[in-house]
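A quick write-up on the structure given underneath.
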Amino acid sequence: MRTAENVGDWEPPHDIRDPRLSALISKWFNECKMNHPECDPRVVEKSPGFFPKRLLDLSSTNENGTIKLVTCIPGDKMLAASYATVSHCWGKAKTLKLLSNNIETLKNDGIDIDSLPISYKEAIHFATALNIRYLWIDSLCIIQDDPQDWFSEASVMDKVYLGCDICIALAGAAENSEPSFARRSHSQIRPIRITAEWDGSHAKDYTIRDGFMSRDYTSSVLAERAWVVQESVMSHRTLSFGKIQAWYQCLENAACETYPGWIPKVLNPSSDHSNVLSKSDDLWQHRHKTWESTVERYSDARLTYTSDRLIAFRGITNFYSSRLEEQALAGLWRSQLPFQLLWRTWTSNTLDWREARLDNDGPIRRPRPLRAPTWSWLSIEGQVQFYHTYTLGLAEEGSVTALCTVQHVQADESLRDGQSYVIEGRITLQGALHPIRLGNNGSLAQPLTADANGTELEHISASPSVQEHFGREGIPYLSAQWEPDEEGEQGGLEVFQWNKHTGPSDSTNKKIVEHVNAFCFPILEKRQEGFPLTAGLILEDSKMQPGLYERIGLYTTIGEEEKSYFAVSSLKLVTIV
């Protein structure tokens, strides 16, 4: 690839505090501020009149090497100044935190920089190099032993990052006591340069590089944190320090030490992040798809306290809501219903939910008491995926047909015990409700049975036309996925596949669901490779609210005959909580 002009003659320094590195980063930052209109605050639309409650004043550094905590007072001239935020991993190291009993000391006497962890020192160094006076670090700007202060500040975290001039992300440190650039190597930063010449052409310079960014940043421990998803979405400029090198990302471009003259556009296409933040183009449909990608990333990210799952995503919801100019309902969008109900639990590592771990602290599950309605992905602890993302926008084109209609939907936020968000909601759909019975008592001998319009289905395989098209008899004409309760009373990720000669295939999980009385509720139909594909929810009677239903899974079928098993005949109002 001809990118020599982007590489230049940069020789990466070994020391992160080398003045040459500070100068390079300042060059990126200043060029962005001067030449990137998309990064202008008037385009980004920072929250007008908002400023963090507390900041660290770096200009107060004196000969004793201290900085001071300051309180931001409405109307104060400091509110016109810029500030930087820090995105970092706390880790297990015991470091200075803002507490109720030391807040006055940190304001009056200041904070000894030498007492701070390495990550914080790095952030202070580069904020100062960029001539930014104020710095926001969560552990030093939120009172950590005051639940009310924490909750109040956590509720506006999106505005904190949206309003910053730049976010300093310390991606190379697994905890704040570790340094960046732990594996820094000149050979890993500088791309290989070659000169190639073919008959009839002039010699040209080329560079060769590998997938370095995924190793140094996107696969970092920091990128796995759920709070960081919000931080990365909100920040319109991010300066990242990995284990290997420094990175700069804004709404218009990106740079790194491998490409100090900005990463070539061919290697850095317009990001989902920039398309969401920018309001210069009509990107409504793209933003919906980006939303679903953000949900999938967030649901797979880690939280120290799972009770933070809703509040750590609340800012992203508010942010997208303003960009999409529509209402979010428990993590779904009104305009995308009923199709967006078709999310599913997911793990890329295993098909068995019993082995799928979340932050090494339990399987994918739906915690009780519920923190969100069962029809919302926010009720699940674990990775989710929008199984039918490709339906977005297709309904208007006629290729997707809704098999039910939304009659009413509501989702109300409230506080549980004054410390965590919960969402109480219900959705009423008009459609067909088919009772089914699933279970095999742990034996492979008994297949799925379903009472569909009074007919029990046993040992059924794909219809001949489907078999002929796909070239095998045992295709999963019906797949069902279950979402386990925290108590483990229901199954997990189950994909059922039958062959009419042998019964369930050997790949079928040995323990499915034991005697679950359930219902299939069709949501959509589309054509797939010439055959109708239908998808819907698996419901059960609500134990807590008789007469209503709870979601316990998702199913899909493919084929004309298979479609008839759950045909939309008589319609019924079904309310899911």
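The values are calculated or read from the model by the stated rules, or taken from the named source; none is laboratory data. These numbers come from a predicted model, not from an experiment. Positions of Cβ are backbone-derived with ideal geometry, glycine not excepted, and every protein chain shown enters the neighbour counts.
Points worth noting:
- Residue in the stretch 297-325 that is surrounded by the fewest Cβ atoms within 10 Å (Cβ to Cβ), counting only those that are among the hydroxyl-bearing types (S, T, Y) and touching a helix residue (DSSP H, G or I) at 6+ places or on another chain (Cβ under 7 Å): Y320
- Enumerated helices (runs of 4 or more DSSP H) restricted to the stretch 106-168, each holding at least 1 residues that are closer than 30 Å to D15 by Cβ: 118-129, 138-141, 157-162
- The residues listed here are W284, W198, W227, W262; of these, the one that is out of contact with any Ser or Thr (no Cβ under 7 Å at 6 or more places or on another chain), modelled with pLDDT of 70 or more, of a type in the set (F, W, Y) and surrounded by fewer than 14 Cβ atoms within 10 Å (Cβ to Cβ) is W198.
- Condition met for V276 (buried (at least 16 other Cβ atoms within 10 Å of the Cβ), at pLDDT below 85, within 16 Å of the chain's Cα centre (by Cα) and farther than 25 Å from D165 by Cβ): no
- Within the stretch 294-329, if we keep just the residues that are of a type in the set (G, A, S) and more than 15 Å from the chain's Cα centre (by Cα), the residue that is farthest from R426 (Cα to Cα) turns out to be S322.
For every residue, the table says whether it meets (1) of a type in the set (G, A, S); (2) within 19 Å of P338 (Cα to Cα); (3) touching a residue at least 40 places away in the same chain (Cβ under 8 Å).
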site	(1), (2), (3)
K526	no, yes, yes
L537	no, yes, yes
S542	yes, no, no
Y549	no, yes, no
T556	no, yes, yes
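- Pick from the stretch 540-552, criterion at pLDDT 90 or above and closer than 23 Å to A402 by Cβ, ranking: surrounded by the fewest Cβ atoms within 10 Å (Cβ to Cβ): L548
- Test: residue in the stretch 8-27 that is part of a helix (DSSP H, G or I), modelled with pLDDT under 90 and of a type in the set (G, A, S): no
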